[in-house]
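Any read-out appearing in this document is the output of simple, stated calculations on the displayed coordinates, not a laboratory observation. Everything numeric here is computed off the predicted structure, so don't read it as measured data. Ideal geometry is used to build each Cβ from the backbone, glycine not excepted, and the neighbour counts take in all protein chains shown.
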Amino acid sequence: MLELGAFLRLMTLPVHLLWLIAALPLLAAGIGALTPRRGRALAAGVAIAAMALSFLLSCAALATALAQPAAHLVHNFAWFDLGLGPLRLGWLLDPLTAFMCVMVTLVGLLIFVFSVGYMHADANSTRFFCFMSVFAAAMLGVLIANSLLLLFVCWELVGLASYLLIGFWFHKPAAAAAAKKAFITTRIGDLGLLLGMLWLYDSTGTLLFFDAGNGVLEAGALGALTAQTTIGGLAVSTAIGLLVFCGAIGKSGQFPLHVWLPDAMEGPTPVSALIHAATMVAAGVFLVARVYPLMAADQALAHVPIHALTVVAFIGAITALMGAMIAVAQNDIKRVLAFSTVSQLGYMMLALGVGSWVAAIFHLLTHAFFKALLFLGAGSVIHAAHHEQDIRRLGGLRGPMRTTFATFAIGMMALSGVPFLFSGFWSKEAILHAAHAWNGSSLPLFAGLAAVVLTAFYMTRLVAEVFFGAPRSEAAGHAHESPPTMTIPLIGLAVGAVLLGFLGTPAYPWLQARLLGETEVHGHSLLEGGGLMMLSIVLVALGIGAGWAIYWRRLRATATALDPLERATPRTFAALAARLGFDELYAATVGRLSNATAALADALDRHVWDGAIRFLARLGEFTGVVSRETDEDMLNGGFDAGSESLRGTGKLYSRAQTGETHGYLRVIAIGFVLLVLIVMMGGGQ
Amino acid sequence: MTSLPLLSLIVFTPWAGAALLASLRRASPIIVRTVSLVFSLSTLALGLVVLAGFDAARTSPQFVEQQAWISTLNVHYHLGLDGLSLVLVLLTGIVTPTALLASWRVRRSPRLFGALFLFLQGAALGVFLALDFFHWFLFWELSLVPAFFLIKLWGGAGASRAAYQFVIYTIGGSAFMLLGFAALYVATGTLDFIQLAQLGADGTIGQKLAALGGWWPTAVFLGVLLGLAVKVPLFPFHTWLPPAYAEAPTGTSMFLTGVMSKMGVYGFLRILWPLFPASLHAAAPALLWLALGGVVLGAFAAMRQIDLKRMIAYSSINHLSYCLLALFAVSAATGRAGATNEAATAALSGTILHIFNHGLSAAALFCCVGVLESRAGGRRGLNDFGGVRTAAPIFAGLCGISMFSSLGLPGLNGFVGEFLIFRGVFGLTPWAAAVACLGLLATALFLMTFWQRVFHGPTGGAATGFKDLSALEIATLAPTIALIFVLGVWPQLIAGLINPLVTAWAGHLALP
């Protein structure tokens, strides 16, 4: 440990060079964009090299940040002139940024390496590495931004990259539709974020997070924001916090904007891994953690209708439970994992809401490893089974795919929260402890505990269906292990999924202290709350036991056999399998409303506004016929200011020779002449 | 300061080109097209010369040319340029050559086409540089003549009707503006914008018009407002726009949306606001609703369009309404306690940036629809294509960039102006900013639908056998696309030209 410490002290990354971490993948993306299709080795090589370099820089940044954890190192600069001073943006380095950067670059790097194997047969893989690099660069930009505006810019670019990647196989209509759905759904949340940002900017005059006491996350601004109240008696900081949280709801797939996340499975599997682990969905949790002082600013106020964090806690609890329930009834291997992501992100939001953003970030970090592992494992299965994703048609892969099975099992145990050895256990414990300690309500804790059982249950079901029993389709029968470019990243992630747990045991107080910017370690070890831990271990055992009893003991024999749960409770199962009907609900309400508005806008144009003009034209025609003689003279009379105008129209008129224009021109000419005369006379008197 | 009359050169070089083309009776099409292009490029070249000598810190007009013209009417030939005019001159300098390049393959009498285009360009430049109402209005009206013929003679099946509606509607509006100015002249004895602005700022205009009769100030204001509102257009005076943009040939649509629609917004900023600050302030709460109508209903109406050109046309209504929304919010808040200069500065900066950025992205989008149309034998329906991205990846990439620019994606140019407009409007009238967000959402919806139906999915319909962009087409789009990127990352290029001017405007916000 001492040598490691000495080594880390040698590595430093000054904050004004922090942008390099995001710029390297961006540069790789630029090179990838200009590389012709056959240059896939170059594009992949550049992308991987850039990520590797970014990873090293992130390690250096982590060392720098840990050397002075309480300091928010910033480098601010002018973007463009606006009024009396420039609009400023900046970079920010603190332990939160640094830990996240290390995670994103490391997980990203492993996913990139995996993609070399997974995408080798795709004709467009050059483009693929270009988009993946954009994705990583945008996410890293979110992490290093010291300005909500800069964060928003990168945030939207994350959305763009996800759009391009979810729709990577754009010739498939389902992929094209899923990409659009993801973009639109997250944009709904982003409009909330935009409004929150505008409000914050207007109230404080800056969007910099830290700026030597003038930033929005510093005491001065926060004090001013909590002192004012707005509609419904909310503190302004609460209102802004909730609007900002809307962005996180969209990006992190929280209820009620979670609908895009399962559809995002239409992208290539490495994309799913990146979206679900390191980049897209992590951005929402990170955002709330980043603006945590703002979200928590209203905690000191007693007489407010609601605290921002309470809403976060309940949204998280609902999402955690709902995601886990729906995951139980999914039959697509990637959809099970997708809903488990929804559920796990709910846990993170729950942790943020109950006041422990450190626990949320800890779970975000561990989850990134084991969820990337699970998705890449699923990718390995899908690759081997010729793109068969239906777990009912898989089966028996334990034998032919030993590495994939072993690593997937580690991921499964980490996600289920199998005690002690696996990182997911510790980070989930941290969240449950925080929920237990919260004095707001015990509902989030109960939701979290219920989701523990369900998580262990559906993961057991998944492993039993995919890896045990007999192959239930031709494709599954011929499956064999994937190449080393794919298995080595799996092993790397599996190691991470285990090792990160040790941050949780003796080191969790250390991590907690560093993230909170304290140099002294005086947190509580997770082992202290023994009763709760025992309870959750029992619940995990219950979930795995139930899964074992239902799916493992009597393994599925044919692809068409009914799921045991479906046989027991067909209605509940069908409702869960149909994802509780959110898509249909939105199509019937929001979708219909927007179509109706569009139809109304179009009809108003065609009939009302244009109709009024046509009516005026008829009127003009009529007047024109009546007064043709008079105006003939007037036209030729010549008026100083008006003559050129009329000459122009006269030319048109001479060409036109239609009754319609006739009328228009008459009325204008007459009106003009009369009114000028009136004005002139009026002025002369 | 150079002794050359640079601004006159900017205005009249395109007209000289038009005259030259008129005399080149026997020239081959290639010569004709080259001459047109070279003369249209003169604006950009001269604009850059002006830019080199431009002092951004000075807020009064520069490169001024002033000569007595019609002394009995106190009319002067008066040209001058400030940051706002400069931005518009540069925009015209970029959009016009691009539009001519996009029209390179126009077969039917390229000589007349080029001459009319240069004539149109010169008239637009005159509008942006004239400082006396007399010739400002001449340029304003003269621009309609070439535009009319460019739509009617080279347009689609419904072009005649659309061209008439466009011209008559605009002239109808202008007639009221002319009347207003006639009254203004009678009341004040001058048509000079600078003098009128001073009279407007200290309230003299209002008093003198009121001396003519109680309803004169309102009538004159409404007349000028109507003329400008039709031109922009302000909702609900916009119904001429979709058919005109849709029926016009590609190059003309690009110029109409890129430059001519900006003439109206320019008029609002240069004339209506400085001359009638009190009347505008009084009308602004109502006008805010109209601008919001354009923002929201314009975007939603775009969702219903099957014709892609009509869709982009409605999107233009939506974008131009953002500009007006910002101005109306500033005017409505003038003199109100709590309205900050920072918000007004942001709103006005955003308006000017958005004028420029929308000019680029809308012109690029029309150009892309033109490419679709030319490949599909005139079809340009939302459902006529499929999978174009597979067949033409370069085209898909460039069109995608234009689309995301129009959608306001951060990192591209469109975002900066939109963000500043929203920031300003939120600071002045928060609810209006919140309502306008619906426009952002609807814009994303219809552009994404456009993209999904035309570019994604299996290749089919008119996309079968679709050829990717030719070198000429790439050259047409490339400068605009490059600017979309550059201005997204480095908005200072434009902001630096206008910031002192806008700061001064916001600093002097007051009612007479």
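Comparing Cα centroids, region A:431-481 and region B:307-366 end up 50 angstrom apart. Computing FRET efficiency as 1/(1 + (r/R0)^6) for A:F622 and A:N331, where r is the C-beta to C-beta distance and R0 is 60 Å, gives about 0.25. Footprinting exposure proxy ranking of B:E473, A:E474, fewest other C-beta atoms within 10 angstrom first, gives A:E474, B:E473.
Return the average number of partner chain Cβ atoms within 10 angstrom of each residue Cβ along peptide A:590-603.
Values: counts 0, 0, 0, 0, 6, 3, 1, 9, 11, 4, 4, 12, 9, 2.
Partner-chain Cβ atoms within 10 Å, mean over residues of A:590-603: 4.
Would you give the gap between the C-alpha center of region A:77-109 and the C-alpha center of region A:551-574, rounded to a whole Å? The two parts, judged by their Cα centres, are 50 Å apart. Looking at region A:32-83, the trypsin sites (Lys or Arg not before Pro) that sit in a DSSP loop and have at most 14 other Cβ atoms within 10 Å of their own Cβ are A:R37, A:R38. Return a whole-number percent for the relative contact order of chain A, with Cα pairs under 8 Å and 6 or more residues apart as the contact set. Value for chain A: 11 percent.
Note that region B:253-260 has calculated 3J(HN,Hα) couplings of 4, 4, 5, 4, 7, x, 10, 5 Hz, one per residue in order, obtained from phi through the Karplus relation 6.51 cos²θ - 1.76 cosθ + 1.60 (θ = phi - 60°); glycine and proline are x. Beyond a 29 Å Cα-Cα separation, which of these cross-linked pairs lie in this structure: A:K181/A:K428; A:K180/A:K334; A:K251/B:K231; A:K181/A:K371; A:K180/A:K428; B:K208/B:K262? As for pairs spanning more than 29 Å Cα to Cα, those are A:K181/A:K428; A:K251/B:K231; A:K180/A:K428; B:K208/B:K262.
Computed from point charges on the beta carbon alone (+1 for Lys and Arg, -1 for Asp and Glu), the dipole magnitude for region B:276-512 about its Cα centre is near 340 Debye.
Note on A:71-84: average number of Cβ atoms from other chains within 10 Å of each residue's Cβ is 5.
Using the Cβ-Cβ distance between A:L593 and A:F615 with R0 set to 25 Å, the FRET efficiency works out to roughly 0.20. Exposure proxy for A:E621, B:E141: other Cβ atoms within 10 Å of each Cβ, ordered fewest to most, give A:E621, B:E141. Label-to-label distance for A:R37 and A:H387 is 1.7 nm, based on points extended 7 Å past Cα in the beta-carbon direction. Around the amide H of A:K172, modelled in the peptide plane, lie the amide H atoms of B:G457, all under 5 Å away and 5 or more residues distant in sequence or on another chain. Projecting the Cα atoms of A:P444, A:V312, A:L193 onto the charge dipole of chain A (Cβ charges, centred on the Cα centre) puts A:P444 farthest toward the positive pole. List the relative contact order of region B:40-168 as a percent without decimals, with contacts defined as Cα pairs under 8 Å and 6+ residues apart. So the answer I get is 22 percent. Our helix-only sum for chain A, with -39,500 (n - 2.57) per DSSP H run of n ≥ 4 divided by its residues, gives a mean residue ellipticity at 222 nm of -22500 deg cm²/dmol.
What FRET efficiency comes out for the pair A:H16/B:V38, r = Cβ-Cβ distance, R0 = 35 Å, nearest 0.05? Each step should come with its number before you reach the end.
Details: r = 46 Å, r/R0 = 1.33.
The value I calculate is 0.15.
Ranking A:V498, B:Q67, A:L562 by Cα position along the charge dipole of the protein assembly as shown, where only Lys, Arg, Asp and Glu carry charges on their C-beta atoms, puts A:L562 farthest toward the positive end.
The label point for B:A286 and the one for B:Y77, both projected 7 Å from the Cα toward the Cβ, are 4.1 nm apart.
Entry note, region B:276-512: relative contact order of 30 percent, from Cα contacts under 8 Å with a spacing of 6+ residues.
Kindly rank A:143-154, A:48-59, B:56-67 from highest to lowest mean number of other beta carbons found within 10 Å of each residue. Please list the in-between numbers first.
Values: A:143-154: 25.3, A:48-59: 21.6, B:56-67: 15.4.
Highest to lowest by the protection proxy: A:143-154, A:48-59, B:56-67.
Label separation (B:R379 vs A:Q299): 6.2 nm, computed from points 7 Å beyond Cα along the C-beta direction. Candidates B:I484, B:I94, A:G377 compared by Cα position along the dipole of the protein assembly as shown: farthest toward the positive end lies A:G377, with charges placed on Cβ. About the centre of its Cα atoms, chain B shows a dipole size close to 1360 debye [charges on the beta carbon of Lys, Arg (+1) and Asp, Glu (-1) only; nearest 20 debye]. The charge dipole of the protein assembly as shown, taken about the Cα centre with unit charges on the Cβ atoms of Lys, Arg (+1) and Asp, Glu (-1), comes to about 2880 debye, rounded to the nearest 20.
Residue ranges B:458-464, A:350-356, A:226-232, B:178-184 sort as A:350-356, B:178-184, B:458-464, A:226-232 when ordered by packing (mean number of other C-beta atoms within 10 Å per residue, highest first). Relative to one another, the C-alpha centroids of region B:418-456 and region B:458-512 are positioned 17 Å apart. Each helix, a run of at least 4 DSSP H residues, gives -39500 (n - 2.57); summed and divided by the residues of chain B, these come to -24500 deg cm²/dmol at 222 nm.
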